[in-house]
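One structure is given here, and the rest of the page talks about it.
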Amino acid sequence: MLESPLGKSSAWRDGYVRRGILVRRLLGSRHASVAAIVAPPGYGKSSLISEWARHDSRPFIWPGMDGLAVTDLTAAASAILITLDQAGWLDGPASSRGKRDPRRDPLADLLAALRTLRARGQAFVLVLDDAHCMAPAVLRELARVMVDEAPSGTTLALASRSELPIPLARLRASRALVEVRTPELAMIPRDALLLLRQAGLELDVGAVRKLVNLTEGWPVGLYLAALWVHEQEDPSGAVRLLKGDHHLFGEYFRDEVLSTLPDELREFALRTSVLEELSGPVCDEVLGRRGSGLALRALERATPLLRPLDPTHERCRWHSLLREALQAELRRTEPELVQTLNERASAWYETAGDARRAIAHTVAAHDPVRAGNLLWPRLVDYLTQGRNELVRSWLAAFSDDEIEGHAPLALCAAYSSLVAGDAAHARHWAVAAAALDPPDTRAASRLSSGLTGLEALLPGSSVTAVGGAAAAALALESPASPWCPLWLFLRATALHLTGDLDAAEQGLEESLGLAAAGAPAIVSLCLAQGAMIAIERRDWDTAAEHADRAVVTIEQHGLSDYPICALGFAAAAAVRAHQGRLDEAKRDLRRAVDLLAALGDFAGWYGAEARILLAHASLSLADVVRARTLLAEASRLARRVTGAVIFDRWFNDAWSQMDALAETSLAGPSSLTIAELRVLRFLPSHRSLREIAVQLGVSGNTVKTQAHAVYRKLGAASRSEAVASARAAGLLGH
């Protein structure tokens, strides 16, 4: 096996992370005439070829960067390199362009060298690193000659930073092509862990995964990140602070990516960095131009860091790190354009019906008025689909004064705070929203509904207030409003709290029917409330059906970490513990307890219901200590909810179960005292109770009392039954 000792072809180093799967793919594709290894700079293309060369039996003909490495090659192989160089087909500081003899035909010389090797049956791999630097016409001709004239088993290996201008489709169709591209070269966490260790950085698995996600597995990106993280006092914590606008990434992208682009494409890349997803129409609108589709196609050919998102390559996105670096560069070079570009993008996405992106661009344009107007009509969708963190990130872009200055935005902040368990801030933002005049009549109706309904969710509201606020909010909404399922649920809950189970069930069914279309959190709440009603009626089959559906809904929609879903897990824990599904019940109980802790200060009735259900689950699991704690917390919350009659029944039932469990704990083999166990030891003998008393040195009455206690705790009616029960329990030998 022959390798070049110079330049990039010697890219193998001791610190290199081996890519065994990719090497095996290349080794198994000897039939392929062309190997295309296409990826942005820093993805290890040259290193992969070096590793491949170490395992392939064929000689590798590899021009060096600092001179042509032609060590121990045949004269014909040497002639190939010399011909390529003298023809000016190799790019680099060692190229001999301008020195070749104009009377010589380089293609004829190349064909002659190939025929010599073919006559000898000598297969080889011709490596052209930095193939993107070759003239397209020359590269196409070279590929044709290598495919048509080279010896059987020969491969032309092309490593390129941009798309290769050769007939790839025809080569794929004829099975003459093997490809390795960016996704295959991207590192997975296992590879990244090795790379970081070799860079002297030890991180926990979570931090490594975070870095891999941040860099999208880009090897050089991982290494650059390691350089900075290694210097920090808390490396794992520093990983969370790292972004693409860090100067290490910015400098690399400027040197290796932006500097290679024509001015027009570089400007296009900078200005489209405001967009999460790029397509011809949106780029045209945002940039105020035409022909963006062609520019995107040119950029995609120029750098694989522009990733296609669909099979037709009509939609694409920037590598996340590069996008952040481009945004930082745009802020430095054209700060006045950032707001304008985002305003145009927001308007385009609003027209296209993409509310999330419309809001995100309005936030980026720092327009609190438009942000509130866009977000408020859609807020309930975000809150009931588990996306409150996204809402909070948008709100965090504005100051308190900006939020307080616009009623819809303040009301969004109120509901977002409430769902996060921050009742104090929820009241603060609600007061701010109520003090502001809405911009128009339609907005006034929407805001009135939101302000009214908020009373049903704030802590300290009575049952009458909950039901009244929900009914009033419902009357202010159109039947098609996305808020209707929430108000219906709250009205039904108020009916349940007052003991009207039939009306509550009817209201829950109505809410459930409307919420099924797109409010999974409300669906889980309705099902949990329905399970609680079924438990009160001792209809455990219906309760199990509701609880199971609630958990399935939560898990299918990725809401398992959403605090508002604690009630669903609490209902499931109570039902499953009663049914003897102990492992599931314990898991659901843990989930509910964790979510309640995260929910914090929320509606009192909600916290009381969830804790009562969990207390009953704990009793079924024989965890009396936890049950007592949960009941005490539930009682404290229930006292704040005046008019809730159902809580007394639930508390009485729970305490009755606890008393029965305590009474049971006084019986059974495990409850025998040391004195009773000493008496039990003598019962298998023929000694009388008086003789046992003498043996133990106590009175006869004492032994008699202890013996009868043994009979009772072992559930025996006689001395012989007590002995048999004790042996069965392992308290006596045979």
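The values are calculated or read from the model by the stated rules, or taken from the named source; none is laboratory data. Computed from a predicted structure; not experimentally measured. Don't worry about glycine lacking a Cβ; one is built from the backbone with ideal geometry, like all the others, and counts go over all protein chains shown. Calculation scope for accessible area: heavy atoms of the full protein, side chains included, ligands and nucleic acids excluded. Shrake-Rupley method; radii C 1.70, N 1.55, O 1.52, S 1.80 Å.
Pairs of Lys residues in the chain that lie 8 or more places apart, or on two chains, and have C-alpha atoms under 27 angstrom apart add up to 6.
Applying 1/(1 + (r/R0)^6) with R0 = 41 Å to the Cβ-Cβ distance of Ala169 and Arg289 gives a FRET efficiency near 0.85. A Cβ-based charge dipole, computed about the Cα centre of the range 404-513 with Lys and Arg at +1 and Asp and Glu at -1, lands at about 260 debye. Using a probe of 1.4 angstrom, how much of the accessible area of the chain is carbon and sulfur, in percent? Taking all protein chains in place, the chain shows 51 percent carbon and sulfur surface. Between the C-alpha center of the range 280-334 and that of the range 340-403 there is a gap of 22 Å. Rounded to the nearest 20 debye, the dipole size of the chain about its Cα centre is 2640 debye, using +1 on the Cβ of Lys and Arg and -1 on the Cβ of Asp and Glu. With unit charges on the beta carbons (Lys and Arg positive, Asp and Glu negative) and the dipole taken about the Cα centre of the range 550-624, which residue among Ala610, Ala598, Ser620 sits farthest to the positive side? With unit charges placed on the Cβ atoms, the residue in question is Ser620. Counted over the chain, the DSSP beta bridges are approximately 25% antiparallel. Convex hull volume per residue, computed on the Cα atoms of the chain, equals 254 Å³.
The label-point distance for Thr642 and Arg54, in a model that sets each label 7 Å from Cα toward Cβ, rounds to 8.0 nm. Dipole of the range 169-303 (Lys/Arg Cβ +1, Asp/Glu Cβ -1, origin at the Cα centre): which of Gln198, Leu248, Ser174 lies farthest to the positive side? My answer, from the dipole projection, is Ser174.
In the chain, the DSSP-assigned H stretches of four residues or longer account for a calculated mean residue ellipticity at 222 nm of -19000 deg cm²/dmol, using -39500 (n - 2.57) per stretch and the full residue count as denominator. Relative to the Cα centre, the charge distribution of the range 349-460, modelled as +1 at Lys and Arg Cβ and -1 at Asp and Glu Cβ, gives a dipole magnitude of about 320 debye. Extension gain for Glu277-Val552 works out to 95.8 nm (0.36 nm per residue, less the C-alpha to C-alpha distance). For the chain, the solvent-accessible area of protein heavy atoms averages 45 Å² per residue (probe radius 1.4 Å; ligands and nucleic acids excluded). As I understand it, the dipole of the chain uses +1 on the Cβ of Lys and Arg and -1 on the Cβ of Asp and Glu, about the Cα centre. Which of Ala515, Leu631, Val212 lies farthest toward its positive end? Looking along the dipole axis, the top candidate is Val212.
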